[in-house]
Each structure stands twice: as C-alpha cells, then as structure tokens.
Amino acid sequence: MKLATVRVNGSTRAVRLDGDRLVDLGAADLGAFLAQDDWAAKAAAADPATTYPVADADFAPVVPKPSKVVCVGLNYRNHIQEMGRDLPQHPTLFAKFADCLVGATDDIARPEETAEFDWEVELAVVIGKPVRRARGAEAEAAIAGFTVLNDITCRDWQFRTREWLQGKMWDSSTPVGPYLVTPDELPGGVRPELDVTLSVDGTVMQQDNTGDLLFDPVALVEYVSTVVRLNPGDLIATGTPGGVGHARTPKLYLTGGERVVTEIQGIGRLDNTVVKDGGA
C-alpha cells in the first residue's frame with residue numbers, strides 16, 4: 001500500500017492511494033492512523049466513499065507531527081569516503097523536529113543566516129508500532145514502511161561545533177513524503193534495495209542504491225530503540241550517499257530559486273523550490 005497525509009479544506013487527512021484517487025482513512029493524519037491497532041488491515045478495508053483526486057493532491061509531510069525524527073549520518077560507504085572519514089563501528093545519530101518538515105511539493109526555506117545550504121537524499125523509515133530494545137523480527141515488524149526525505153543541511157552551522165544538530169534543525173527546511181510505501185511493495189522488503197537520486201535544476205547530483213547502506217533499516221530500528229522508545233509515525237532517516245555539495249570541488253550550495261527533485265525508486269519524488277527565508 002501507499003499511504004499519505006494530504007491537506008484538505010484547511011485541515012489534513014490520512015489517505016490510501018487507489019489508482020488515480022486517494023481514499024480517506026478516517027484519521028486526521030498518518031501519524032494518528034498508524035497509532036491505531038491493526039492499521040494495515042483498516043487501510044486495506046477503508047470505505048472508498050470519500051476520495052480525493054491524486055492530480056489535485058496537496059501533500060503534507062507524510063507524518064506531520066512525529067514524536068521524533070532520528071537521523072543517521074555517514075551511512076553510505078561512498079559518502080563516508082568523500083567526507084574523508086573511516087567507516088564507523090556504530091551509527092552516528094542526530095535529530096530533527098516536526099517544525100523542520102515540509103510536504104512533497106512545498107518550498108524549502110533557505111535561512112538568511114547560512115551561506116552553505118546543502119542537499120541530502122535519504123530513505124526514511126516510518127515506524128508502525130511502539131517498540132523499545134527491539135531485536136530481530138520485532139524490529140522488522142515495527143517498520144510500517146518507507147518514504148523519501150531530503151536532509152537539507154546548513155553546513156557552516158553544522159561544523160561550528162563537533163555536534164551537528166544546529167546545522168540540521170532549521171525550520172521548514174526538510175521535505176518528506178509523498179507516500180509511506182509498505183515493505184511488501186518493495187524489492188528487499190524491510191531491507192529494500194532501491195535506486196535513489198537527487199537533482200538540482202535538472203542536473204543529477206546524487207545517485208546510488210540503498211543496498212550500499214552500512215547499517216540497514218532493521219539494524220537502525222534495533223539501535224535507536226535501544227536508546228529511546230519508538231512510537232508510531234516516528235521517522236528514521238537512514239543517511240545520504242555521495243554527491244553532496246559540500247564535498248565537491250569547488251563546493252556547491254543552494255542559494256535560492258533552485259528546483260530540487262529527490263526521488264527513490266518505488267516510493268515517489270519530492271519536487272521542491274528553494275526560497276529565501278528571513279522571517280520569524
């Protein structure tokens with residue numbers, strides 16, 4: 001199944017893709033829907049009485065208000081190498097917040113305080129049930145599905161200190177969506193092997209396959225849930241491949257006005273324009 005959150009008449013609704021229509025799932029958003037018991041069966045059996053055309057859909061962040069967004073740095077072998085680092089023994093974790101997230105076609109807000117605004121295509125895990133210290137089959141079962149995320153980063157702020165958070169948590173900067181795709185739809189299931197690409201104004205900047213991940217989605221659910229409980233709708237961004245602007249010679253950054261398209265095979269695409277943001 002492909003599930004999403006769309007904006008409808010000033011509010012949001014959780015929906016399931018059915019051909020060229022989106023079937024209303026009876027919940028305000030996908031986070032609320034995933035919190036229900038047997039959400040997958042309910043999604044499959046949803047009454048198609050209320051639908052919306054896909055062509056007119058205004059996609060909100062796939063989960064608008066996750067309790068947490070955990071991100072993983074340095075998780076593709078080629079990106080680790082281009083950043084001049086050794087392969088890590090453990091995942092490198094940082095966080096984003098719900099206020100960072102925007103929808104699949106929303107503008108990306110580039111803050112006036114940065115001169116080094118960079119892109120990062122990422123496969124994101126969406127959690128479908130509460131877990132703590134999950135292992136093996138329990139960690140696999142906690143994965144509701146996968147979505148696309150662009151981990152936009154202010155590199156100058158990221159490297160002000162040894163901690164990365166301040167470069168990653170900027171308001172309205174991180175597109176995520178358009179769909180949550182359940183593992184049964186994807187080659188590799190909960191360990192999918194999918195082509196990922198990111199282009200800026202039509203030029204491909206990143207291109208790889210999630211099979212290159214050092215720590216796969218199941219391993220990440222195990223690791224993160226050891227530290228903190230994972231709740232339905234929580235997101236784990238699994239890291240980005242090589243090709244980021246900061247690692248190029250000369251370095252290349254987003255300055256405003258660019259069209260950034262972030263796409264993962266079998267899941268969908270984010271199509272966003274970078275706009276300058278100097279407001280509150």
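Just so it is clear, none of the values below were taken in a lab; they were calculated from the coordinates. Not measured: the values here are computed from a predicted model. With ideal geometry, Cβ positions are generated from the backbone for all residues, glycine too; neighbour counts draw on all protein chains shown.
Show that you can apply the helix-only estimate: for the chain, add -39,500 (n - 2.57) for every DSSP H stretch of four or more residues, divide by all residues, and state [θ] at 222 nm to the nearest 500.
Calculated from helices alone, the mean residue ellipticity at 222 nm is -3000 deg cm²/dmol.
Kirkwood Rh over alpha-carbon pairs of the range 44-179, then Stokes-Einstein at 37 °C and 0.692 mPa s: what D in µm² s⁻¹, rounded to an integer?
195
With springs connecting C-alpha atoms under 10 Å apart, model the chain as a Gaussian network and identify which of P111, P48, P192 has the largest mean-square fluctuation.
P48
Could you size up the charge dipole of the chain around its Cα centre, putting +1 on the beta carbon of Lys and Arg and -1 on that of Asp and Glu, and report it in debye to the nearest 20?
It comes to approximately 660 debye.
What is the sum of charges around E263, taking Lys and Arg as +1, Asp and Glu as -1, for the other residues whose C-beta is under 14 Å from the C-beta of E263?
Counting the neighbours of E263, the net charge comes to -3.
Using 1/(1 + (r/R0)^6) with R0 = 35 angstrom and r between the beta carbons of D20 and V204, what's the FRET efficiency to the nearest 0.05?
0.75
With each pseudo-label sitting 7 Å past Cα toward Cβ, what's the A219-F159 distance in nm, one decimal?
If labels sit at A219 and F159, their model points lie 2.6 nm apart.
Can you order the peptides 67-80, 91-104, 132-145 by their average number of other Cβ atoms within 10 Å per residue, highest first?
67-80, 91-104, 132-145
How big is the Cα convex hull of the range 111-159 in projection, averaged over all directions, in nm²?
5.0
Compute the helix-to-body angle for 217-227: its Cα long axis versus the longest principal axis of the chain, expressed 0 to 90° and rounded to tens.
80
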